[in-house]
Every structure is written in C-alpha cells, then in structure tokens.
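Following: one structure in structure tokens, then a few remarks.
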Amino acid sequence: MTILYPDVHESVSATTGVYAPQQDSRLLIEAMTLSGVVPGRRVLDLCTGSGVVAIAAAQLGADQVSALDVCASAVACAQDNAAQARVRVDARVGTWTTALAAAPYDVVVSNPPYVPTPPDAHLEDIPVTIGPAAAWNAGVDGRQILNPLCDCAPELIGEGGTLLIVQSEFADTEQSLRRLRSGGLRAEVVLTQLIPFGPVLTARARWMESIGMLPVGRRQEELVVIRAEKRRATR
Ligand SMILES: C[S@@+](CC[C@H](N)C(=O)[O-])C[C@H]1O[C@@H](n2cnc3c(N)ncnc32)[C@H](O)[C@@H]1O
C-alpha cells in the first residue's frame, strides 16, 4: 500500500503515561491527508495525546491548529513535540465541552478512547509500557467518549465543516453513523484497516467472546475512519 501521509508518526514520541502513536493514529492521519480538507482551515484535534495528529494537520498546511486532551501530561508532551517539529499547535487541557466554547471549527479530528472495557479491567495483565488505560478504556460498549462526541459534532463543526473520527468496529460503527446522521450530518466510513489484536484486546478477548461481541477464536480488529460533513445552508 502506498502511504500518502507525512511520516510525522515516526518522529513524534510519547513521554511516560502518554499514548504512543499507533495504527489508529496513522489511519486517522492518512484519512485526514486524503480528505484534502485541512490546508488553510481551522483544525481541532480532540484527544490529542502526543499531538501526532495535530502536528500532521499543521504540516499539511492548516491555518490554525488547536489540540485538547483531558490529561495534562499529554498536553505537555504535545507541546514539546510540536516545538520539536517546528509547527504551531495550541495544545491545552480540555474535553469536548471545552471545544464547544470555541466552536465551530472547520475540521475536527479525533482518536478517542474506544476500547470496550470489562468491569474488572483493573485486574488485567496489560504491560504498563503501552500507555495509560485512560487513553483507551471506554466503558462496556466502548462508547463512553464516542457518544458525546458524535452528539455534539453538529455544534463542533461549522457549515461546510468536516469531522474525522477513528474507532474500532467493536465500538459499534453503525451507532456512530446513526448519531452523526441524526444530528443532520452526512456521515460515512471512508477508510478501514484490519489489524491483529494488540495487548489490550488480547487481554479482553475472552470477555468479548463471552458477551458475544467477538466471534470465538477471532483475533483481528477492523479500525474504521468515519467522515462526517455539515452541509452549507442554501440561501
Ligand atoms: C487513543 S489516545 C489518542 C492519542 C492521539 N490522538 C493519537 O492518535 O495517537 C486517546 C487520548 O484521549 C485522551 N482522553 C481521554 N478522555 C478524554 C476526554 N474526555 N477529553 C479529551 N481527551 C480525552 C487520553 O488522555 C488520550 O491521550
């Protein structure tokens, strides 16, 4: 496959306690690059982590890039990475409610926590080296952040604006599409990638099988990028 997006994920590193760029980060950057909507626009990267997607947006020629994360260490890491990449990213602590106060944006990109999480997740054997659980844990159905994000999307983006979200098939892609469409947005899956289970899903596979979320024996996950657009009002 030809990789069209900048190699920013290779140069951006995550400090301890911050989500290191992974396949979902790369897929979102690829979708953002292919979309062609970033140059000259006002972009928000919600759930920025290391800032990898925000930095890619700046490198693609965004006019302004804001980045929000609920975790102060992630914000500091994103600020350092943006400085090292010599791009301007306004990274701050915040969530979608913070974003609503500064909305609408032309483009919103997000790689939120979306991994279905069993009630006893704290007992799992997951290496600490892969980052903080708050970066992926998202409730039993994986939709703890996806639901409010999809529901406020029509207010986050302006007319003609675009939202790009990456998530797992296991966090109910159809529900994201339904919620975005019920808010009046046009929404579709624009990019997918099948990847082998990493340490988190491997630790959760038995539980996912037991609740019927995962066919027994399967150990692959489809990542999807959803693109939603707000039509311009006709005058
Ligand atoms: C999967 S990581 C994505 C990081 C980065 N955007 C990337 O693609 O590599 C999700 C990030 O969301 C942050 N986060 C979790 N809940 C959040 C919330 N309610 N609002 C903003 N950020 C949140 C976590 O701290 C974590 O940095």
Taking N as the number of residues in the range 122-235, what is its alpha-carbon radius of gyration divided by 2.2 N^0.38 Å? 1.21
Which part of the range 118-161 falls in the paramagnetic zone of GLU209, meaning amide N under 19 Å from the point 7 Å along Cα-to-beta-carbon? 118-121, 124-126
Can you order the peptides 106-118, 77-89, 204-216, 174-186 by their average number of other Cβ atoms within 10 Å per residue, highest first? 106-118, 77-89, 174-186, 204-216
Against the 2.2 N^0.38 Å rule of thumb, the C-alpha Rg of the chain sits at a ratio of 0.96
Which order results if ASP69, ASP125, ASP151 are arranged by neighbouring Cβ count within 10 Å, fewest first? ASP125, ASP151, ASP69
Could you state the number of Å between the C-alpha centres of the range 171-234 and the range 28-63? 21 Å
By the C-alpha gyration tensor axes a ≥ b ≥ c (rounded if a/c is under 1.5, else prolate when a/b exceeds b/c, else oblate), the shape of the range 69-168 is oblate
Heads up, the range 107-158 by the C-alpha gyration tensor (a ≥ b ≥ c square roots of eigenvalues; a/c under 1.5 rounded, else a/b over b/c prolate, else oblate) looks oblate
Which net charge results when you count Lys and Arg as +1 and Asp and Glu as -1 among the other residues whose beta-carbon is under 14 Å from that of LEU27? -3
Hey, what's the Cα Rg ratio for the range 184-223 versus the globular rule of thumb, 2.2 N^0.38 Å? 1.47
Given the options LEU100, LEU123, LEU163, which has the most mean-square fluctuation in a GNM of the chain, springs set between C-alpha atoms less than 10 angstrom apart? LEU123
Computed Rg/Rh of the range 49-88, alpha carbon atoms with Kirkwood Rh: 0.94
Quick one: which residues, 5 or more positions from ASP45 or on another chain, have an amide H under 5 Å from its amide H? H modelled 1.01 Å from N in the peptide plane, none for Pro or chain starts. SER66, ALA67, LEU68, VAL109
Out of VAL166, VAL70, VAL225, any idea which swings most in a Gaussian network model of the chain, alpha carbons joined below 10 Å? VAL70
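Read-outs: derived from the displayed coordinates by stated rules, not from any lab. Worth saying up front: this structure is predicted, and the values here are computed from it rather than measured. Glycine gets a Cβ as well: all are built from the backbone with ideal geometry, and neighbour counts include every protein chain shown.
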